[in-house]
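Visitor: Before anything else, here's the structure in question.
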């Protein structure tokens, strides 16, 4: 459960990147959450930001599904 929560949390880290580097230098410290913010509010490309948000939701769901399957498999293997 902790691994799943931490994985989903790591997909959404925004404040640390925004306050420390602003996504730079270049795009070296940019993650998906910061890219969505940048596209929507700085470049006014709402279509790209919404597709990035959809991709973020799909990635989070895939990660949660895989982790739940792994945890469930470990729980059922025990005698």
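The values are calculated or read from the model by the stated rules, or taken from the named source; none is laboratory data. The structure presented is a predicted model; accordingly, all values stated were derived computationally and were not measured. Using ideal geometry, Cβ is built from the backbone for each residue, glycine included, and neighbour counts are taken over all protein chains shown.
Visitor: Can you name the number of the only condition in (1) without any contact (Cβ under 8 Å) to a residue 12 or more places away in the chain; (2) in a loop (DSSP other than H, G, I, E, B); (3) under 14 Å from the mean Cα position of the chain (by Cα) that residue 30 fails?
Guide: (1)
Visitor: Here is a further query. For segment 33-56, enumerate the residues that are assigned to a loop (DSSP other than H, G, I, E, B) and either touching a residue at least 12 places away in the same chain (Cβ under 8 Å) or at positive phi (or both).
Guide: The answer is 44, and nothing else.
Visitor: Name the residue that is modelled with the lowest pLDDT, counting only residues in segment 14-29 that are surrounded by 12 or more Cβ atoms within 10 Å (Cβ to Cβ) and out of contact with any helix residue (DSSP H, G or I) (no Cβ under 7 Å at 6 or more places or on another chain).
Guide: First, pick out the residues of segment 14-29 that are surrounded by 12 or more Cβ atoms within 10 Å (Cβ to Cβ): 14, 17-18, 21-23, 29.
Keeping just the survivors that are out of contact with any helix residue (DSSP H, G or I) (no Cβ under 7 Å at 6 or more places or on another chain) gives 21-22.
Values: 21: 87, 22: 84.
Restricting to residues being surrounded by 12 or more Cβ atoms within 10 Å (Cβ to Cβ) and out of contact with any helix residue (DSSP H, G or I) (no Cβ under 7 Å at 6 or more places or on another chain), the top hit is 22.
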